Amino acid sequence: MNTLQIPDEPRDPADHYIRFLGDAVTPFHAVVECENRLKSAGFSQISVLETLNVAQGDKCYVVHPDGKTLIAFVVGSRSPVKTGFALWGAHTDSPDLRLRLNPLTTEAGTVQLTTQLHGGLIRRSWLDRPLSLAGSVFQVARDASGHPIFNPIDGQPVISRTLVRLDEPLAVIPDLAIHLDRKKNDEGEINAQTMLNAVFACGDDPDEAMKALSLRLGMPLDQIDGFDLHLVVHQRPQRVGVDGSLIVGPRHDDLAMVFAGLTGLIEATTDDPAPSRTSVAAFFDAEETGSTTSSGAQSSFLRDVLLRIARNHPETTAGDLEQSLLRSFVVSGDMAHALHPNHTDKHDSQHAPLINQGVVIKANTNDRYATVGETAAFFRAICEAANVPVQAFVGRQDMGCGTTIGPLTAAQLSARTVDIGAPMWGMHSTGETMGAQDMAWIIAAARVFFRGGAK
């Protein structure tokens with residue numbers, strides 16, 4: 001019997017994406033997976049805490065000190081002051097459950113992990129799923145007497161970060177039987193405080209559970225000084241459908257756009273190692289919570305990096321550096337709502353994108369998306385050159401509209417910006433669905449964007 005699971009050797013862009021998605025389980029891991037692919041393609045890491053010396057043709061990337069935001073770039077032959085930047089933006093975070101500062105509690109003969117919500121997740125999708133843990137843990141360096149060690153230059157404590165992923169089913173959030181709540185199918189409210197805590201072990205001894213977790217982490221938990229740990233659905237993404245045309249898994253929003261932008265950048269600059277215009281892929285954390293962090297799209301991180309590239313470009317001899325921003329074009333890549341076969345009334349009939357029917361341009365006149373007429377025309381030209389079909393999404397006027405990093409990036413850079421995405425079902429679920437063909441098309445569009453129109 002044939003199987004639609006990913007083969008040992010990926011056969012198309014969708015299979016390559018499935019592997020990336022299965023490993024990029026948190027923003028920390030997403031950045032590491034991007035780094036691995038960039039290094040394989042000849043990119044070198046530059047520390048953001050050092051002087052940014054660049055030359056034409058350099059392929060580089062920087063990672064924000066928090067480890068959750070990455071900017072990759074290929075330095076063009078011309079100064080960005082003359083050409084601007086070609087910039088693809090997306091985000092590394094997805095709605096999920098994260099552990100509270102004091103995560104262990106006991107109730108009804110169980111040890112539980114208490115959680116807090118990140119972003120607008122679909123709560124019911126987290127119930128009755130095997131869950132694992134992933135993220136980062138932090139330890140303060142100490143001397144032989146156990147006292148914290150401080151850096152003599154800046155006076156800050158020396159802290160190490162360890163990336164962790166416990167790739168096994170460690171917890172579950174059990175639903176309540178319908179016999180005990182006859183109204184749940186009609187009302188079904190899920191209280192985030194009381195109903196989304198995960199059963200971690202049976203018994204009422206949290207110390208034993210801590211020992212078991214310490215053994216799996218490879219370090220005593222009492223030696224951890226801080227952590228950013230996520231509950232992760234213990235489920236690999238997979239192809240679905242008799243034709244294998246769908247991809248079901250968590251975090252399509254927005255790792256699909258991260259993967260597409262990253263792949264497009266790598267492929268474009270492999271064929272043309274010295275483009276005239278500097279190409280940039282920026283992947284931010286915290287979009288799902290408003291981007292108001294030190295590394296989010298509302299921070300100065302991207303603007304600072306771009307201005308440093310422009311300032312240190314060998315051809316920059318005159319002109320204001322801000323010209324490089326005004327001449328730039330930004331593609332804000334974030335997933336789009338596909339017309340749902342069971343809920344066709346949720347879309348405007350003239351703006352109802354279909355899965356595996358092409359890339360979506362998103363627009364909203366209240367500026368929830370950054371698209372305007374000129375930028376829509378710009379991206380349509382890119383897709384035409386890439387032989388990629390284009391669809392349109394405008395939300396119903398009697399419904400609310402989400403937003404993206406597009407308006408935030410446009411405001412930070414004063415750069416022309418378009419909001420685009422691939423169509424999907426179940427956005428913010430633990431089992432989102434997108435099209436395999438759409439992944440191939442969005443990569444093709446990204447590749448042509450970075451090549452400046454050349455196929």
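Miscellaneous remarks
- Karplus 3J(HN,Hα) series, Hz, for region 367-384 with 6.51 cos²θ - 1.76 cosθ + 1.60 (x for Gly, Pro): 6, 6, 10, 8, 5, 10, x, 5, 6, 5, 4, 4, 6, 4, 5, 4, 5, 4
- D_trans [Stokes-Einstein, Kirkwood Rh over alpha-carbon pairs] for the chain, 4 °C, 1.567 mPa s, µm² s⁻¹: 56
- Charge dipole (region 96-238, unit charges on Cβ, about Cα centre) - positive-most of GLN223, THR106, ALA198: ALA198
- Percentage relative contact order, region 96-238, counting C-alpha pairs under 8 Å, at least six apart: 39
- Amide H partners (placed H, <5 Å) of VAL164, local residues excluded: GLY135, SER136, VAL137
- Taken along its three principal axes, the alpha carbon spread of region 210-308 comes to 56, 48, 28 Å, from the longest extent down to the shortest.
- Mean Cα-pair separation over length for region 168-312, i.e. relative contact order, pairs under 8 Å, 6 or more apart, %: 10
- Gap separating the Cα centres of region 167-183 and region 346-407, nearest whole Å: 38
- Distances between placed amide hydrogens fall under 5 Å for ASP225 paired with PHE138, GLN139, VAL140, all partners being 5 or more residues away or on another chain.
- Estimated vicinal HN-Hα couplings, Hz - region 142-150 in sequence order (Karplus 6.51, -1.76, 1.60; Gly, Pro = x): 10, 7, 4, 8, x, 8, x, 9, 10
- At 1.306 mPa s and 10 °C, Stokes D of region 96-238 from Kirkwood alpha-carbon radius, µm² per second: 93
- Amide H contacts under 5 Å for LEU104: THR114, restricted to partners 5 or more places along the chain or on a different chain, H placed in the peptide plane at 1.01 Å from N.
- Reported to the nearest whole Å, the Cα centre-to-centre distance from region 40-80 to region 235-282 is 19.
- For region 344-400, chymotrypsin sites (Phe, Trp or Tyr not before Pro) meeting the loop criterion (DSSP other than H, G, I, E, B) and having at most 12 other Cβ atoms within 10 Å: none.
- Here the translational diffusion coefficient of region 265-359 follows from Stokes-Einstein with Rh set to the Kirkwood radius across Cα pairs; for 10 °C and 1.306 mPa s it amounts to 93 µm²/s.
- Relative contact order %, the chain, counting alpha carbon pairs below 8 Å whose residues are six or more apart: 23
- Directionally averaged projected area (convex hull, Cα atoms, region 6-75), nm²: 5.4
- Phi to ³J(HN,Hα) by Karplus 6.51 cos²θ - 1.76 cosθ + 1.60 over region 405-422, Hz, x for Gly, Pro: 6, x, x, 5, 5, 4, 5, 5, 9, 6, 9, 4, 9, 10, 9, 9, x, 9
Read-outs throughout are calculated quantities, based only on the coordinates presented, and are distinct from any laboratory measurement. Quick caveat, the model's predicted, so the values are computed rather than measured. No Cβ is skipped: glycine too gets one built from the backbone with ideal geometry, and neighbour counts run over all protein chains shown.
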